[in-house]
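Data block below; observations after.
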Amino acid sequence: MYKKPIIVFEGIEGSGKSYHISKVSKFLEKKKIGYIKIREPGGSLNSEKIRNLILNKKSNFNKKTDLLLYLAARSENVNAITKFYGKKVILIDRFTDSTIAYQHYGMGINLKIINIINQFLLKNIKITFTFLHVVSKKNLFLRLKKRKSLNRYDKFNANFYNQVQNGFLKLAKSSKKSYKIIDSNLDIKKNEDLILNQLKKLIK
C-alpha cells in the first residue's frame, strides 16, 4: 500500500521545477500509482481561464489584483485537491509558498492577509513535502532566453527574482523537515535521482 502525499514543486522561473514534476509523473505512471498533477495558476478548467488573464503579456493588473486572481485560481483547484486528498498522490507545480514568495517577499503585500485567505481556502489540507528549486541569476536568464514565448512573470528584473528566491529560502529554513532544496545549477540527472529517491520515501 502506497501513501498518498501532497508534494509541491516550488521555485522561481527557470529553476527546473516543471521538468522534475514531469519526471515524477512518469515514474508514478510506470509504477501504476494513482496521482493527479496540478499547476498554479491553472490546473482546472476555470483556473486555466484565470491563468490566461494573469500571465497575458498585455495584462497590467496591480499587485493586489494579481494576488486575488492567484487565490481565485487556487480556490478553483481546491475542489480537485479535496476530492483526491488521501486517495491519490497529488503533485502541485507551485502552491501556497509561491504566493508568499512572490506577492509578499517580491511585491510587499501584507503576509497576514495572504495567510488568512490561504487558511480560508485550504482548511484541513496539509502539504506533505516541498521540493524547492533554486537557480543562479546567470542560469535563470540563460534559460528564459531559450523559451519560445515569455509570459508576464518571465519579465521581471534580477532584483525581483532574487527577493522571491530569498523568500522561498526563508520559508524552507522555517520548515526544514518537510523541505528539500534542489540546486538546479548542478547536474540535472543527479537532481532527478535525488528527487525520485525522496519520492520513494514519501510514498512508501
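Quick note: the coordinates plus some simple rules give every number you see, no bench work behind them. Note that the structure is a prediction, hence the values are computed from the model and not measured. Please note: Cβ atoms are built from the backbone with ideal geometry, for glycine as well, and neighbour counts cover all protein chains shown.
Report relative contact order for the range 1-92 in percent, whole number only (criteria: Cα-Cα under 8 Å, sequence separation at least 6). Relative CO of the range 1-92 lands at 46 percent.
Short-range pairs are left out: with C-alpha atoms under 8 Å and at least six residues apart, the relative contact order of the chain is 34 percent. Computed from the C-alpha gyration tensor, the three semi-axes of the ellipsoid equivalent to the chain are 25, 21, 16 Å, from longest to shortest.
Placing dummy labels 7 Å off each Cα toward the beta-carbon, the span from residue 31 to residue 19 is 2.2 nm. Relative protection proxy for 185-194, 71-80, 31-40, from highest mean packing down: 71-80, 31-40, 185-194 (other beta-carbon atoms within 10 angstrom). The ranking of 8, 89 from fewest to most other beta carbons within 10 Å of each one's beta carbon is 89, 8. Taking 18 Å as the limit for the C-alpha separation, the pairs 3/88; 64/145; 23/148; 31/201; 26/88 exceed it in the case of 64/145; 23/148.
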